[in-house]
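Accompanying notes for the structure given below.
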Amino acid sequence: MHVDASRPPPEYTKYRTAPRLLRRGPRDGGSLLDELRRGRGADAPPLGGAPAPQPGPAGPGAPPPEAPGRRRLPLPWRPRRRGPISVGRVVKWIVLAVLGWLALSLVLFLISAQLQQGDLSGKVSLAGAGYPLTSANTILVLGSDQRTKGSKEPGASTSGPSRSDSIMLMRVGGGRSARLSIPRDTVVDIPGHGRNKINAAYAFGGPALAVQTIEQYLGIKVNHLIEVDFANFPQLIDAMGGIDYEGGCVVSRINGGFKNGGYTLRLKKGKTHIDGKQALALARTRHNDCNARESDLTRARRQQKILSAMKSRLVSPYAFPRLPFIAWNTPKALKSDMGGPTLLGLFGALATGGSPPTRILKPDGFEQAPGGGAGLHVSDAEKQRDVARFLKG
């Protein structure tokens, strides 16, 4: 090979690899040399004479090429696109709302029941029993006939001790479900007071003597006591949105009727939607102008219809939106020795125990009551037969 010695040797430019610290640039993570190449143009060869790599053809689904020298940065604040609301998500929120509504109602019921428990707790001697939802319990329900001052209703007490307006026994829990009503004019032996109408026991000694008299008369033990507070009874019915009552024609004048500052009730025969005031007047009705032959037995049956109508309302769809109001007002309409959890178990047993017919002690004649007036006499055979059916449930 011939070399021309007269020509000077060629000069070479030396390049060094960029340090690691300079390999990251501010744009896309490339080296500083790449930044310099971008400044010279996208098509310019890289420093050192090597040809610039050419981008290959875009494959299927590949993103479009970006503009030279620019890169779209991801935006973390950009909102995410969500798909359409699924049926499962809607059902989930509905279930949560229903559970929350039920939990609120339960808490209100327990608080209200605990506040009302002090009215009878420790004042009455009662036989012990298991939890009402799982064990058989005998519940005595009493209603007082005391009225407001100025009442002109015959036989109604406005001051002092009042007589029990209604007397009913319920057998619930442990698969038992039975009801037994005692006519208020039934003549019995009252401890310490001799022979008298059974409703006088409440006037003589309050709920304690009433329990003692009924236990002695029927030969059974009472486990719990409930007094219906007629002052708050209308609020409970109104909290339910009223009830549907079905029965015969009723025209009665409570506390002397509207003309005397009382209340006049008029119901047609058949099914009628009634509010709290009408339900209270119906439960108190002694003399019905539509049927003068009605007696205390008729009134006891009418009261049972009211209780059944209340139960039907509670298990209907109309009650669900009103559950918190019903839960708060129910214990206020009842005075009981039971606290919130026990009372809740009682209502659970009533709801699951069905609606048994209410048996009424049938009198076989009349008996002279002290102080004048005729009372009702019930034979021992009738009493024992009804008590046996009641305990059997």
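In this structure the amide hydrogen of Leu142, modeled in the peptide plane, comes within under 5 Å of the amide hydrogens of Ile226, Glu227, Val228, none closer than 5 places in sequence on its chain.
Karplus-derived 3J(HN,Hα) values for the stretch 354-370, using 6.51 cos²θ - 1.76 cosθ + 1.60 with θ = phi - 60°, are x, 10, x, x, 8, 8, 10, 4, 8, x, 10, x, 10, 9, 5, 9, x Hz; glycine and proline are entered as x. Close amide H contacts of Leu376 (hydrogens built in the peptide plane, cut-off under 5 Å, sequence separation of 5 or more or a different chain): Thr186, Val187, Glu367.
Over the stretch 201-328, the hull volume per residue, using the convex hull of the C-alpha atoms, is 146 Å³.
Cross-link partners among lysines for Lys221, C-alpha distance below 23 Å, same-chain residues fewer than 8 apart left out? Filter leaves Lys123, Lys197, Lys335, Lys362, Lys383, Lys392. The HN-Hα couplings worked out from phi for the stretch 238-245 by the Karplus form 6.51 cos²θ - 1.76 cosθ + 1.60 (θ = phi - 60°) are 5, 5, 7, x, x, 9, 9, 9 Hz, whole numbers, x standing for Gly and Pro.
Find how much the distance from Ser355 to Ala231 grows on full extension, using 0.36 nm per residue of separation minus their present alpha carbon separation; answer in nm with one decimal. Before the final figure, lay out the partial values.
Values: separation 124, 0.36 × 124 = 44.64 nm, distance 2.62 nm.
Result: 42.0 nm gained on full extension.
Tell me, rounded to the nearest percent, the portion of alpha carbon pairs in the stretch 341-393 spaced more than 17 Å apart.
On the way: 800 of 1378 pairs.
When every Cα pair of the stretch 341-393 is considered, 58 percent fall beyond 17 Å.
What is the gain in length, in nm to one decimal, between Cys290 and Phe204 on full extension, counting 0.36 nm per residue of separation less the C-alpha to C-alpha distance? Walk me through the numbers before you get to the answer.
Working: separation 86, 0.36 × 86 = 30.96 nm, distance 3.43 nm.
Full-extension gain reported as 27.5 nm.
Each value in this text was obtained by applying a stated rule to the coordinates, not by laboratory testing. Remember, predicted model here, so these are calculated numbers, not experimental data.
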